[in-house]
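Working notes, structure below.
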Amino acid sequence: MTEETTLSSRVTSQITGMRLIDFLCSRFKYHSRKEWIEIIQAGKVTVNGRPSNPDYALKKNDTVSYSVVLREPPVDTNIVIIHEEDTFLVACKPGNLPSHADGNFIKNTFIYILRRMVADRGHGGPIKLAHRLDRETSGLMVVGKTDDAHRTLVRQFEEGSVDKEYLAVARGVIADDAFEVGGAIAPDPDSSISIRKKVVPAGAPGSRPASTRFETAERLRDVTLLRCFPATGRTNQIRVHLAHAGHSLAGDKLYGRTDEEFLEFVRSARAGNFGPLPWMDAPRHLLHAAKLSFSHPVTGKRVMFESSMPEDMRSYIERSR
């Protein structure tokens, strides 16, 4: 997408008094401080519709707007709605599609594209994510179509009452028919990558408890197909737990790889090169949200949805037999 787009943010009480340049640098990290100053001085950033300056002190309810021609990385836009009612819907997100806006992804996201899809069919109400999946994770996502339904669905995910099953292709042949990984998850202090996490002792500073049960579905030549049942919903949980077990996800560029390999991938993507690097064993990490069960946001009746394994995972498994 290359048309000019205006991105707007309303100033909350938490950031009232912050300088415009400091807000932009902290909120939108895809430009350096010097670049943001040049963009402000070029009149591309406005406050309440008027050009501003880098040292402007933001006031509550100010509207900060930024006009830009988006050059977003390519994504897979093949979203399939598998169930829809007046209050919620369930859709299958493809791999290589962010759930929501993040970094260089603004319009090339699941929620932006889905909102356009549903609006084109006449829905004028809210469309809100009840949970998130990593960009490269494919599978089922639940979306609220009313504020009340959204709150009810979010509460279920937060309370852990949603039953989830994932399919994963893990590196190495796993001998155990079933195993469980527990322990808390926290940022990895030994890594230079700020987003990398690891399993740490319970109660460690900044940690959150987590548990995942794994069942072996099929042993292949050098990988294992697993069914994964996370009891908690921590960021990257299945990926972190498999890496801790010594069997990181096939295609994972963060876990089971060195810091330098991950940084090489990031540098390549930022340069506009989105093809696989020589050391990658798959274009994306092979994780798929296959089943979800939760209470209907209106009736309270238990409902369950399934999504079959996507073609890229199926082909990878076939080649590994």
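The values are calculated or read from the model by the stated rules, or taken from the named source; none is laboratory data. Keep in mind it's a predicted model, so treat the numbers as computed, not measured. With ideal geometry, Cβ positions are generated from the backbone for all residues, glycine too; neighbour counts draw on all protein chains shown.
So, residue 295, is that one touching a residue at least 40 places away in the same chain (Cβ under 8 Å) and among the polar types (S, T, N, Q) or not?
yes
Among (1) closer than 30 Å to residue 144 by Cα; (2) surrounded by fewer than 17 Cβ atoms within 10 Å (Cβ to Cβ); (3) touching a residue at least 24 places away in the same chain (Cβ under 8 Å), where does residue 222 come up short?
That leaves (1) as the condition not met.
Since residue 232 meets every condition but one in (1) under 28 Å from residue 320 (Cβ atoms); (2) touching a Pro at 6+ places or on another chain (Cβ under 7 Å), which condition does it not meet?
Failing condition for residue 232: (1).
Scan region 148-195 for residues that are touching a helix residue (DSSP H, G or I) at 6+ places or on another chain (Cβ under 8 Å) and more than 15 Å from residue 297 (Cα to Cα) and jot them down.
The answer is 166, 167, 168, 169, 170, 181, 183, 185, 191, 192, 193.
Taking only region 69-122 into account, find how many residues are assigned to a loop (DSSP other than H, G, I, E, B), β-branched (Val, Ile, Thr) and closer than 23 Å to residue 271 by Cα.
Of the residues in that region, 4 qualify.
Can you pull out every residue in region 298-313 that is within 22 Å of the chain's Cα centre (by Cα) and of a type outside the set (A, V, I, L, M, F, W, C)?
Selection gives 306, 307, 308, 310, 311, 312.
Would you call residue 295 modelled with pLDDT of 95 or more, touching a Ser or Thr at 6+ places or on another chain (Cβ under 9 Å) and among the polar types (S, T, N, Q)?
yes
Exactly one condition in (1) part of a helix (DSSP H, G or I); (2) of a type outside the set (Gly, Ala, Ser); (3) surrounded by fewer than 16 Cβ atoms within 10 Å (Cβ to Cβ) is not met by residue 60; state its number.
The failed condition is (1).
If I filter region 293-309 down to residues being touching a His at 6+ places or on another chain (Cβ under 9 Å) and buried (at least 20 other Cβ atoms within 10 Å of the Cβ), which single residue comes out as nearest to residue 89 (Cα to Cα)?
297
Among the strands (runs of 3 or more DSSP E) contained in region 181-276, which hold 1 or more residues that are more than 28 Å from residue 157 (Cα to Cα)?
212-219, 223-230
Evaluate region 185-195: report whether one residue or more is touching a residue at least 60 places away in the same chain (Cβ under 8 Å) and surrounded by 18 or more Cβ atoms within 10 Å (Cβ to Cβ).
No, that holds for no residue.
Of everything in region 112-166 that's of a type in the set (Val, Ile, Thr) and in contact (Cβ under 8 Å) with a residue 40 or more places away in the chain, which residue is nearest to residue 289 (Cα to Cα)?
137
Look at residue 13 and say whether it is over 30 Å from residue 290 (Cα atoms), assigned to a loop (DSSP other than H, G, I, E, B) and either not basic (Lys, Arg) or not assigned by TED's automatic domain parsing to the domain that holds residue 136 (or both).
So residue 13 passes the test.
Taking region 167-180 as the region of interest, how many residues are assigned to a strand (DSSP E or B) and without any contact (Cβ under 8 Å) to a residue 60 or more places away in the chain?
Here the count works out to 2.
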